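J.: I have a structure here, written as structure tokens, and I will follow up with some questions on it.
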Amino acid sequence: MSKSFDDILSKLKTTGKKKLAVAYAQDEHVLEAVELAHQKGIVDAVLVGDAEKIAEIAKSLNMNLDEYEIIDVKDMQEAAICAVKLVHDGKADIYMKGSLDSKTFLKSVLNKEVGLRTGQTLSHVCVFEIPGIDRLLFLTDVAFLPYPTLEDKKQIIEYTVNVARACGVDMPKVAPLAAVEVVNPKMPVTVEADELTKACEAGEIKNCIVDGPLSMDLAIDPEAAKFKPGAESRKIVGDADILLFPDIHAGNLTYKTIVRLAKVKNGNILLGTKAPVILTSRSDSVDVKLNSIALAAVVAEDQKNGTL
């Protein structure tokens, strides 16, 4: 089981390189992350964008562009369509956002002719390596779906379980989070969490253990269960792998709090698509982008092998 991003990187040493298509690639942090991933043997890349600007940035990074395929497309929207088509046509395994806005990038993902849509709900998964926690934590959805429905949540769990299993967690524990750990009809989030638990018990949600509603402390801190009657007999006792948030507000606030106040490592991918999609912010660090590439690569490998 991968307990860190170093473990994921080590796992990728035993797999073949994945092909990464970068849309509008003239972004310093993106190119630096791509170069690091290339040096580590994770990916080869096709850089789609303004060739002159890509070359200028690459020179500042001492990056040898002879090792990359470059497609010179100066228009942002055309670059996105060109890059996503490579993945759609099976010429690349992963689609990554470069120096373009998220709206244009997502529009290319959802393009009816050459995009990566599957007809399913799209969802964002963030993976955290946090000091003091002996496993990776998978947070969803913290950046994409504002108010997921019960059916959305079932799909989100399925996607995130697949990511966790790709990272070596055979039977991930999923905690549908709420402010309390008991069902309260006046709090719809707790009712849905209970329905998700029952759906898993009935075999509708597979390859995982779902136990909700759970408060955050009971989900991630084994000590907390000692102080709440009945908590120690639950299926999850502070050892959740996947934290399922009730809405984007709870998820995003938690995500940004962790990033700003703790020394963590994280990577993010978008799922519900034909292939892994890397949708990082332009303000994300090189490390976040590198971790996201590694995460997408390990998911792409499992998809290739038919494991997911």
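J.: What's the angle, to the nearest 10 degrees (0 to 90), between helix 248-261's Cα axis and the longest principal axis of the chain?
T.: 70
J.: The list [x] 0.99; [y] 0.94; [z] 1.03 gives values of Rg/Rh (Cα atoms, Kirkwood Rh), and only one came from this structure; which label was calculated from it?
T.: After the calculation, the listed value that fits is [x].
J.: Leaving ligands, DNA and RNA out of it, work out the accessible area of His249 with a 1.4 Å probe and give it in Å² to the nearest 10.
T.: Probe radius 1.4 Å; accessible area of His249 about 100 Å².
J.: Further question on the same structure: Can you tell me the dipole magnitude for the stretch 205-308 around its Cα centre, using point charges on the Cβ only (Lys, Arg +1; Asp, Glu -1), in Debye to the nearest 20?
T.: 280
J.: Further question: Using the Karplus curve 6.51 cos²θ - 1.76 cosθ + 1.60 with θ = phi - 60°, what ³J(HN,Hα) values do you get for each residue of the stretch 14-31, in whole Hz, with x for Gly and Pro?
T.: Working through the residues one at a time gives 9, 10, x, 4, 9, 9, 10, 9, 10, 8, 6, 6, 6, 9, 4, 5, 5, 5 Hz.
J.: Once you've got the Cα coordinates, tell me which of Lys186/Lys228; Lys186/Lys235; Lys40/Lys85; Lys103/Lys198 are over 31 Å apart.
T.: Violating the 31 Å Cα-Cα cut-off are Lys103/Lys198.
J.: Related question: At a probe radius of 1.4 Å, what is the per-residue accessible area of Lys53, in Å² to the nearest 10?
T.: 100
J.: Could you report the accessible area of Leu106 in Å², rounded to 10, computed with a 1.4 Å probe on the protein chains as they sit in the structure?
T.: Number for this one is 40 Å².
J.: Take Asp101, Asp287 and sort them by solvent-accessible surface of the protein heavy atoms, 1.4 Å probe, largest at the top. Could you put the intermediate results ahead of the total?
T.: Values: Asp101 50, Asp287 100 Å².
Heavy-atom accessible area, descending, gives Asp287, Asp101.
J.: In what sequence, largest accessible area first, do Ser2, Ser283, Ser102 appear using a 1.4 Å probe?
T.: So the residues, ranked largest to smallest area, are Ser283, Ser102, Ser2.
J.: What whole number of Å gives the distance from the Cα centroid of the stretch 222-288 to the Cα centroid of the stretch 1-32?
T.: Here the answer is 20 Å between Cα centres.
J.: Sticking with this one: Specify which residue in the list Leu196, Ala23, Val259 is farthest towards the positive end of the charge dipole of the chain, using unit charges on the beta carbon of Lys, Arg (+1) and Asp, Glu (-1), about the Cα centre.
T.: Going by the charge dipole, the pick is Leu196.
J.: May I ask you to derive the relative contact order of the stretch 111-231, considering only C-alpha pairs under 8 Å and at least 6 residues apart, and to give it as an integer percent?
T.: 20
J.: Please arrange Phe245, Phe144 by accessible surface area, largest first, computed with a 1.4 Å probe and ligands excluded.
T.: Phe144, Phe245
The values are calculated or read from the model by the stated rules, or taken from the named source; none is laboratory data. Note that this is a predicted model, so its numbers are computed, not measured. Don't worry about glycine lacking a Cβ; one is built from the backbone with ideal geometry, like all the others, and counts go over all protein chains shown. Just the protein is used for accessible areas: all its heavy atoms, side chains included, with ligands, DNA and RNA removed. Shrake-Rupley method; radii C 1.70, N 1.55, O 1.52, S 1.80 Å.
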